[in-house]
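So the structure is just underneath, and the comments pick up after that.
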Amino acid sequence: MRVQRDSGHVVGQRVEIVAGGLRALESRSVLRRRDTRGRLRAVAADLDLLGIVVAPVPETPMGFIDRACVGASAAGIEPMLVVNKADEPGAQETLAEMRRTYGDALDVVFVSARTGEGLDALAALFQPDRRGAFVGTSGVGKSSLANALCPSLELEVGAINVQSGLGRHVTTNATLHRLPGGGELVDTPGFRDFGPVEVNALELSHGFIAFGDLPGAGDGCRFRDCRHRSEPGCRVLAALDSGELDAERYRVYVSLLDEIEEVELRARSR
């Protein structure tokens, strides 16, 4: 049965046929993101893993990884980092940066869709029956990874624009595929950013991944509703002042917090 794009159903969702149509069944997780117009979009349903794909080229926008982690956490999905194009110049530097920034909080897998390096380790994360999806900006190699994990797919792969350094959108619809060794993979369209998702400001302040290694962060602040801006007795601000927390990671947090608070303000004013 062909499903219309505007049907309201999302790839991976369990449905039943009712009177010639489809009725959605309850999903245990739905990954969502906001588009550039602020509209909430469902990406995939019933995921166990979210592979956030980065590469030496194109460069991943600041905050994309953190935003994707927030989206995964809000949906109860395990995030991981996939550093693709291990065979290309700059790959080792990208890997070192990812491990330095996220290695204590996320699993980091180093792979090459072209040479096959690291693919066995990546495929093992889906076995025996876990469902995952790859997200990332266009051009980082999500479809190439899907082809490498499941050669029968033969998904179209786009080239990097030499002038802009960006990839072009090749995948336009999310699709679900069974992997030969077990598990399932959702191939998603690429997008430039991962807008604020269905998480409120307090949930973000307690769950931002960069704060996970700070002893007492969130619960250790003087106020339980601390948003780590200027409140007295804030464990996060103390870590920022001491250099224990990277200033760039804190700026990403504040940027995302600003956006979520703006969404909440608009919702209250309706």
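The values are calculated or read from the model by the stated rules, or taken from the named source; none is laboratory data. From a predicted model like this one, the values you see are computed outputs, not experimental measurements. Cβ coordinates were reconstructed from backbone atoms using ideal geometry, including for glycine residues, and neighbour counts include every protein chain displayed.
Please indicate, with yes or no, whether at least one residue in the stretch 65-85 is surrounded by fewer than 19 Cβ atoms within 10 Å (Cβ to Cβ) and in contact (Cβ under 8 Å) with a residue 60 or more places away in the chain.
no
Just the residues that are of a type in the set (D, E) and under 19 Å from V135 (Cβ atoms), please, taken from the stretch 78-96.
E78
With within 16 Å of the chain's Cα centre (by Cα), aromatic (F, W, Y), buried (at least 19 other Cβ atoms within 10 Å of the Cβ) and at pLDDT below 85 as the only criterion, which of F134, F194 stands out? Can you show your working first?
On the way: F134 fails: at pLDDT below 85.
Answer to the check: F194.
Return a yes/no flag: does the stretch 144-164 have any residue that is within 17 Å of D187 (Cα to Cα), modelled with pLDDT of 80 or more, touching an Asp or Glu at 6+ places or on another chain (Cβ under 7 Å) and surrounded by 17 or more Cβ atoms within 10 Å (Cβ to Cβ).
Within the stretch 144-164 (the criterion being within 17 Å of D187 (Cα to Cα), modelled with pLDDT of 80 or more, touching an Asp or Glu at 6+ places or on another chain (Cβ under 7 Å) and surrounded by 17 or more Cβ atoms within 10 Å (Cβ to Cβ)), the answer is yes, since at least one residue qualifies.
Is it true that M98 is at pLDDT 90 or above, over 18 Å from L31 (Cα atoms) and of a type outside the set (V, I, T)?
It is true that M98 is at pLDDT 90 or above, over 18 Å from L31 (Cα atoms) and of a type outside the set (V, I, T).
Assigned to a helix (DSSP H, G or I), among the basic types (K, R) and touching a helix residue (DSSP H, G or I) at 6+ places or on another chain (Cβ under 9 Å), is that true of R67? Let's see the steps before the verdict.
Values: assigned to a helix (DSSP H, G or I): yes; among the basic types (K, R): yes; touching a helix residue (DSSP H, G or I) at 6+ places or on another chain (Cβ under 9 Å): yes.
Taking the combined requirement at face value, the residue satisfies it.
Would you tally the residues in the stretch 89-131 being without any contact (Cβ under 8 Å) to a residue 12 or more places away in the chain and under 18 Å from the mean Cα position of the chain (by Cα)?
The number of residues fulfilling the criteria is 3.
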